[in-house]
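Okay, structure first, notes after.
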Amino acid sequence: MAKIFNYVMQSFRSMNLILLMNLPYFTMLNKNTRMLATFRMDSVRIDKQLKQSIWKPYYLHSMQQDGAIWTIFPKVLSNGFYESVEEVGYYLPSDELKVPYEKKKAEFLKGLIGGSLISMEHKDKKRLTALQMQIYNLMKEGIVNSGEIARKLGVNQSRISHNLNYMTSKGYDIQGFVASGGFEANSPPPKSILVGEAEKSEKLKELEVEK
């Protein structure tokens, strides 16, 4: 994820696009991303009398030698002289801006959370090896016997059984597979597809599971 984000940052810089990020802490960005940042504004306080949020603006300059980041106040030309801008105040947004923003924000967060839950629900399936994916696809076709799967794939039956055990340890329910049309988590596989405990202890010494 960090590599993708760094790529986006580098692409945006070359395209002269502005990316705004709202973070509680600047250090939540990794070091490479922080070095690509150009400008930062830190929230300082709330001016209740003026009803403003007060911020400190900084230009960011990264040192090529050690990657250290220096902060510099921006300057503006005023009456023929350059003056540093050390604080900026912002008023609360109007309802015309705030209402549609909050609506869009809620929709985005709902989709983001939903997508994250789906990703977490199926994360184990992404960890299957090539052999385990072949086993998975055969079981989808209704072939659930380890001996028949072994013949189809041209491998030792014990190797298939051992991989089924390994898949179960990842959270796949072999037993519920045929009825549900997919693996479900946290149920033991049927005994018919497992190697006996005594045999398994011997086979584990000589078999190498594809990982």
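The values are calculated or read from the model by the stated rules, or taken from the named source; none is laboratory data. These numbers were taken from a predicted model, which means no experiment stands behind them. Neighbour counts are summed over all protein chains in view; Cβ atoms, including those assigned to glycine, are modelled from backbone coordinates with ideal geometry.
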| note | Expected output for the range 68-82 (first residue surrounded by 10 or more Cβ atoms within 10 Å (Cβ to Cβ), partner part of a loop (DSSP other than H, G, I, E, B) and acidic (Asp, Glu), Cβ below 8 Å, 6+ apart or cross-chain) is Phe73/Glu86
| If you check Leu60 against the conditions, is it surrounded by 10 or more Cβ atoms within 10 Å (Cβ to Cβ), over 30 Å from the mean Cα position of the chain (by Cα) and in contact (Cβ under 8 Å) with a residue 12 or more places away in the chain? | no
| field | Selection from the range 136-154 of residues that are of a type outside the set (Gly, Ala, Ser) and in contact with a Leu (Cβ under 7 Å, 6 or more places away or on another chain) | value | Tyr136, Ile149, Lys152
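Yes or no, residue by residue, for (1) at pLDDT 90 or above; (2) in a strand (DSSP E or B); (3) under 32 Å from the mean Cα position of the chain (by Cα); (4) surrounded by 12 or more Cβ atoms within 10 Å (Cβ to Cβ):
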| residue | (1), (2), (3), (4) |
| --- | --- |
| Phe5 | no, no, yes, yes |
| Gln10 | no, no, yes, yes |
| Asn16 | no, no, yes, no |
| Leu20 | no, no, yes, no |
| Leu23 | no, no, yes, no |
| Asp42 | yes, yes, yes, no |
| Lys56 | yes, yes, yes, yes |
| task | Among the candidates Gly89, Gly114, Gly147, single out the residue that is at pLDDT 85 or above, of a type in the set (Gly, Ala, Ser) and not assigned by TED's automatic domain parsing to the domain that holds Tyr172. | result | Gly89
| query | Applying the selection to the range 27-45, what residues are hydrophobic (A, V, I, L, M, F, W, C) and over 21 Å from Gly89 (Cβ atoms)? | reply | Met28, Leu29, Met35, Leu36, Ala37
| field | Of all residues in the range 83-106 being among the small types (Gly, Ala, Ser) and assigned to a strand (DSSP E or B), the one that is surrounded by the fewest Cβ atoms within 10 Å (Cβ to Cβ) | value | Ser84
| request: Starting from the range 89-108, take each residue that is under 20 Å from Trp55 (Cβ atoms) and among the small types (Gly, Ala, Ser) and list its partners that are modelled with pLDDT of 90 or more and not in a helix (DSSP H, G or I), counting only C-beta distances under 6 angstrom and pairs at least six apart or across chains. | output: Gly89/Gln52; Gly89/Ile54
| field | Pairs with Cβ under 9 Å, 6+ apart, first in the range 138-165 and more than 17 Å from Leu128 (Cβ to Cβ), second modelled with pLDDT of 90 or more and loosely packed, with under 14 Cβ neighbours inside 10 Å | value | Ala150/Asn156; Gln157/Arg151
